Amino acid sequence: MARLKKFRGNFMVHKHRGNRWTVRVHSKEQYEVFDWLEYNFGEEDFENGPWAVIDEQWGNDPDDYSTFDITKKEIVTMMALRWQ
């Protein structure tokens, strides 16, 4: 697996082969992102859905982030416009 760069800013995208992206957001914004994804793209589905949470972190440390697995380019584009 490719190494992700050090997280800076509010939002970071890492492209994998095929139609798969890893998206990282600050942990303090994780609930807002989760709710936005669920409202716009349906419930989280690890097997066949367009998105899922990979890792959740809670805290006020600026280096804490939560990670989402996204399988649709449209979602990544909309997230970038919303949180970039």
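Could you please tell me which pairs satisfy a Cβ distance under 6 Å, a separation of 6+ or placement on different chains, a first residue in the range 29-41 that is closer than 13 Å to W83 by Cβ, and a second residue that is among the aliphatic types (A, V, I, L, M)?
Between residues of the range 29-41 that are closer than 13 Å to W83 by Cβ and residues that are among the aliphatic types (A, V, I, L, M), the close pairs are V33/V25.
Which residues, counting only those in the range 52-72, are at pLDDT 90 or above and either touching a His at 6+ places or on another chain (Cβ under 8 Å) or not in a strand (DSSP E or B) (or both)?
Matches in the range 52-72: T71, K72.
Let me spell it out: the conditions are (1) open to solvent by 50 Å² or more (accessible area, probe 1.4 Å); (2) part of a loop (DSSP other than H, G, I, E, B), and Y31 meets all of them except one. Which number is the exception?
The one condition Y31 does not meet is (2).
Determine which single condition F46 fails, assuming it passes every other condition in (1) in a loop (DSSP other than H, G, I, E, B); (2) touching a residue at least 24 places away in the same chain (Cβ under 8 Å); (3) of a type in the set (F, W, Y).
(2)
For residues that are out of contact with any Ser or Thr (no Cβ under 9 Å at 6 or more places or on another chain) and open to solvent by less than 90 Å² (accessible area, probe 1.4 Å), tally how many sit in the range 36-62.
8
The values are calculated or read from the model by the stated rules, or taken from the named source; none is laboratory data. If you're wondering where the values come from, they're calculated on a predicted model, not measured in any experiment. Here the Cβ is made from the backbone with ideal geometry for all residues, glycine too, and neighbour counts use every protein chain on show. When the accessible area is computed, the model is the full protein with side chains, heavy atoms only, and any ligands, DNA or RNA have been set aside. Shrake-Rupley method; radii C 1.70, N 1.55, O 1.52, S 1.80 Å.
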